[in-house]
Amino acid sequence: MRFGKKNKLIPRYVGPFEILERVETLAYRVALPSNLAGVHNVFHISMLRKYMSNPWHVLNYEPLQLTLHLSFEERPTQILDRQERRLKNKVIHMVKVKLLNHSEEEATWDTEIETEMKSRYPDFFGTF
């Protein structure tokens, strides 16, 4: 199930959850856990993603800490990599950042200056 958007408008998913019934031709009712009780449980098919079953796949569902406005904080937890992108007449410094509620595979490259990130998030610098 797609749940919100990330900085760069990439769809984010939570789940998997069981589909209870088909409400209309393109709408489905989903069984949500109690911590998502404030979210309407009927979704358009474009917000759902097919689950490819694998008997060896173990799902680690970690519930999100939602605010009163049904949103969650996208906070960086670790810098995984650094690189410089060279253009014709300037250099762009980039860092690969792992976010709080996501795995390392979902880490994103950010062009924010490292000194800015150190001032905003001093607790996770120095571990790289």
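The values are calculated or read from the model by the stated rules, or taken from the named source; none is laboratory data. If you're wondering where the values come from, they're calculated on a predicted model, not measured in any experiment. In this analysis, Cβ positions are derived from the backbone assuming ideal geometry, glycine residues included, and neighbour counts consider all displayed protein chains.
A count restricted to the range 64-90 and to residues that are at pLDDT below 85, surrounded by 12 or more Cβ atoms within 10 Å (Cβ to Cβ) and either out of contact with any Lys or Arg (no Cβ under 9 Å at 6 or more places or on another chain) or not in a loop (DSSP other than H, G, I, E, B) (or both) stands at 9.
The C-beta contact set for the range 101-112 (first residue more than 19 Å from Pro63 (Cα to Cα) and in a strand (DSSP E or B), second residue modelled with pLDDT under 80 and basic (Lys, Arg), distance under 8 angstrom, 6+ apart or interchain) comprises Thr108/Lys6; Thr108/Lys8.
Across the range 9-27, which residue is modelled with the highest pLDDT among those that are in a loop (DSSP other than H, G, I, E, B) and surrounded by 12 or more Cβ atoms within 10 Å (Cβ to Cβ)? Per the criteria, the residue is Val23.
Taking the numbered list (1) surrounded by fewer than 10 Cβ atoms within 10 Å (Cβ to Cβ); (2) modelled with pLDDT of 80 or more; (3) of a type outside the set (Gly, Ala, Ser); (4) over 26 Å from Val14 (Cβ atoms) in turn, His93 passes all entries but (1).
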